[in-house]
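Structure first, then comments.
The values are calculated or read from the model by the stated rules, or taken from the named source; none is laboratory data. Worth saying up front: this structure is predicted, and the values here are computed from it rather than measured. Methodologically, a virtual Cβ is constructed for each residue, glycine included, from the backbone with ideal geometry; neighbour enumeration extends over all protein chains shown.
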Amino acid sequence: MKKSILLIVAMLIFTGTSVNAQGILKKAGKAMQDELLGTKPKKPEQPEPTCACDKPEMAMDMGGKLQLDYKELTVSISDDGRILAKDLHADNYYIVQNGVTQGPIKGDDPRIRSFDIVSEDVPEGADAWTFRYKQYISRKDDKYLISFGGKAYGPYGQIQSFAVTKSKDKFAAIVIENIVVTEDEGEAMDKAMKNAKTDQEKMDLAMKYSAQMQQKIIQGGGPNSMVPKLVTNVEGITFDWTKNMGANPNGLMKYDEILFTQGSDIKDLKGNKIHTVTADQGGADFFISSDNSKVAWYTYGTLNFSDKTSLNELFNPHLTKVEGKIFLAYMYYSPKKNAILKCRIPF
């Protein structure tokens with residue numbers, strides 16, 4: 001547009017018309033004047049988020065050939081520092097390792113599966129525990145086996161919860177050695193009871209199933225084999241279920257230790273309370289320092305600390321270990337660099 005209008009102005013001046021170039025410029029709108037004169041103001045740059053640190057690491061460059069929009073990606077990080085980004089609207093993944101971005105890559109690519117990220121989405125018909133933790137949990141007949149650190153644990157009739165530390169050297173699970181009725185057996189019993197034509201048939205079936213369950217309890221080791229128990233490779237841990245009802249192990253809150261969540265309390269495996277979750281902290285992701293002196297919780301882009309400080313406009317907080325030291329790391333988008341950057345806080 002600029003060239004064509006300047007050409008018209010030049011022609012009018014050359015032909016001696018009474019309308020001069022300056023008049024055209026006066027009559028032209030502000031946007032056109034800016035276009036003609038090259039004075040169009042630049043859009044103001046977005047400020048860096050408040051969570052920006054002094055010396056961030058480059059996590060993922062959004063510019064270059066890829067031209068990605070960080071708002072259209074979900075980003076996760078593996079324990080070895082690799083970054084996996086997924087397009088929210090397509091089966092496209094991007095892997096960042098040592099500052100180099102590979103992609104787009106399809107979801108069935110072995111490079112994607114190598115991330116071994118625990119998925120909450122279990123395919124229909126698949127067993128949840130063996131799907132999510134296939135490197136540790138397997139099935140033998142109708143029971144579970146746990147393999148960890150070269151040792152085998154089990155078999156167990158049921159796994160209620162399972163956790164591994166970020167350092168991958170400790171695990172803990174709440175299990176039940178024997179269950180009276182498996183899911184398949186229960187469905188078969190229900191079907192048989194529904195198909196019974198008379199009350200006497202129903203009574204006979206009830207007596208039969210009752211005897212079978214009693215026999216199973218005896219063969220399985222008695223009633224004690226039916227109560228939940230803690231299985232872990234952490235030595236020196238005793239577990240009283242009556243005092244820890246509803247407790248679940250968690251391996252994400254500390255880098256090198258399993259903790260328990262029980263109601264609103266966060267405890268260590270010995271039952272010592274570390275933190276009580278308040279109403280305004282409900283639903284947050286928690287992080288506990290190795291010496292239990294610091295607590296951080298993350299929700300909706302804000303990372304709060306027990307010393308009353310907070311950081312905003314960040315995502316993907318996670319614990320990491322660098323040169324033997326543990327850090328609480330997080331990511332943020334930098335408008336200035338058009339990149340996802342990473343900061344680390346000693347923790």
Q: Could you list all residues from region 130-151 that are closer than 17 Å to Asn178 by Cβ and surrounded by 15 or more Cβ atoms within 10 Å (Cβ to Cβ)?
A: Lys143, Tyr144, Leu145, Ile146
Q. Could we say that Ala339 is at pLDDT below 90 and closer than 27 Å to Val96 by Cα here?
A. yes
(Q) Residues that are at pLDDT 85 or above and in a loop (DSSP other than H, G, I, E, B): does region 99-114 have at least one? (A) yes
Q | Count of region 52-74 residues which are hydrophobic (A, V, I, L, M, F, W, C) and more than 17 Å from Leu328 (Cβ to Cβ) | A | 6
Q. Going by the conditions given, is Thr242 assigned to a loop (DSSP other than H, G, I, E, B), out of contact with any Cys (no Cβ under 8 Å at 6 or more places or on another chain) and polar (S, T, N, Q)?
A. no
Q: Test Lys337 against the criterion of being among the charged types (D, E, K, R) and farther than 29 Å from Asp169 by Cα, and give yes or no.
A: yes
Q) Which one is farthest from Asp79 (Cα to Cα), of the residues in region 115-135 that are touching a Phe, Trp or Tyr at 6+ places or on another chain (Cβ under 8 Å) and at pLDDT below 85? A) Pro123
Q: Please find, within region 283-308, the residue that is surrounded by the most Cβ atoms within 10 Å (Cβ to Cβ) out of those that are more than 16 Å from Cys343 (Cα to Cα) and polar (S, T, N, Q).
A: Ser289
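Condition check ((1) at pLDDT 55 or above; (2) exposed (fewer than 13 other Cβ atoms within 10 Å of the Cβ)) across all residues:
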site	(1), (2)
Met1	no, yes
Ala21	no, no
Lys26	no, yes
Pro49	yes, no
Pro56	yes, no
Asp69	yes, yes
Arg82	yes, no
Ala85	yes, no
Ala90	yes, yes
Q) Going by the conditions given, is Met253 within 19 Å of Ala173 (Cα to Cα) and buried (at least 18 other Cβ atoms within 10 Å of the Cβ)? A) yes
**Q.** Output for region 182-216, where each listed residue is outside any helix (DSSP H, G or I) and at pLDDT 70 or above
**A.** Ala196, Lys197, Thr198
Q: Using the structure shown, decide if Lys325 is out of contact with any Gly (no Cβ under 8 Å at 6 or more places or on another chain), among the basic types (Lys, Arg) and under 21 Å from Cys51 (Cα atoms).
A: no
Q.
Condition check: more than 20 Å from the chain's Cα centre (by Cα) and either more than 30 Å from Met60 (Cβ to Cβ) or part of a loop (DSSP other than H, G, I, E, B) (or both). Does Ala172 satisfy that?
A. no
